[in-house]
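Step one of this worksheet: look at the structure below.
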C-alpha cells in the first residue's frame, strides 16, 4: 500500500496508521479469542463502528465525532453572540443555512439520533441567546420549538445506502411494463 501511495506523492503517518479488526466477522473473531467489542475508528468526521441491525446482521454504524459536533455548536454559539441584535428572522435565516450545511454532510444512515440531538442543541442555544437579550424576555421552550419549526430544517437522512441510490437512478422495471 505504501508503494501505491508513493506513486501519488502521498505518505502514511506511522503513528496514525495501523491494521485493525473491523467488519462483518470482527465481533465473532474477537469473541472467540476472549477479547471485547471490535475497535472503532474516526475518519472523515465520523466514528465508524462495527454493529448489527435489528435482525442481527452486520451493519456499519457511522456517528458524528463528538469533538466535531462540539466545535460546531461552539461556533454557532459565537455566531449568535455576534448576531445578538439582529431580528429573529435574520437570525433564523442564518441558522437555517448553518444547520442545513451541517446536515448535508452528516445525514447518513445510522446517524439520525446524533442529528436530532444537534438540532435540539441548536434550538437550545438559540433560546438561551434570545433570553439574554432582555430581562423581561419570555422565550420558553414552547416558543423556541415554534421558532425552530419555522426556521430550522427538519432532520432526515439525505445520503441513503449506495444500493438505494443506485436503484433510484436505475430502476429494474421498464416504464409501462
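The values are calculated or read from the model by the stated rules, or taken from the named source; none is laboratory data. Every value quoted in this text rests on a predicted model; they were computed, and no experiment measured them. Please note: Cβ atoms are built from the backbone with ideal geometry, for glycine as well, and neighbour counts cover all protein chains shown.
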message: Just to be sure I understand, how many residues within the range 112-132 are out of contact with any strand residue (DSSP E or B) (no Cβ under 6 Å at 6 or more places or on another chain) and closer than 25 Å to residue 63 by Cβ?
response: 14
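Quick test for you: out of 150, 122, pick the one residue that is modelled with pLDDT of 95 or more, more than 19 Å from residue 73 (Cα to Cα) and not assigned by TED's automatic domain parsing to the domain that holds residue 53. Spell out how you get there, then give the answer.
Working: 122 fails: more than 19 Å from residue 73 (Cα to Cα).
The unique qualifying residue is 150.
Looking at the range 63-86, which of its residues are assigned to a loop (DSSP other than H, G, I, E, B) and either touching a helix residue (DSSP H, G or I) at 6+ places or on another chain (Cβ under 6 Å) or modelled with pLDDT under 95 (or both)? Talk me through it step by step, then tell me what you get.
Pass one, the range 63-86, residues assigned to a loop (DSSP other than H, G, I, E, B): 65, 83-86.
65, 83, 84, 85 - these are the residues of the range 63-86 that are assigned to a loop (DSSP other than H, G, I, E, B) and either touching a helix residue (DSSP H, G or I) at 6+ places or on another chain (Cβ under 6 Å) or modelled with pLDDT under 95 (or both).
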- prompt: Does any residue of the range 148-155 turn out to be farther than 23 Å from residue 81 by Cβ and in contact (Cβ under 8 Å) with a residue 40 or more places away in the chain?
  reply: yes
message: Which count do you get for residues in the range 13-50 that are modelled with pLDDT of 80 or more, in a loop (DSSP other than H, G, I, E, B) and surrounded by 12 or more Cβ atoms within 10 Å (Cβ to Cβ)?
response: 2
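Okay, residues lined up against (1) assigned by TED's automatic domain parsing to the domain that holds residue 39; (2) surrounded by fewer than 19 Cβ atoms within 10 Å (Cβ to Cβ); (3) closer than 24 Å to residue 26 by Cβ:
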residue: 52; (1), (2), (3): yes, yes, yes
residue: 72; (1), (2), (3): no, no, no
residue: 75; (1), (2), (3): no, yes, no
residue: 91; (1), (2), (3): no, no, no
residue: 99; (1), (2), (3): no, no, no
residue: 102; (1), (2), (3): no, no, no
residue: 105; (1), (2), (3): no, yes, no
residue: 114; (1), (2), (3): no, no, yes
residue: 117; (1), (2), (3): no, yes, no
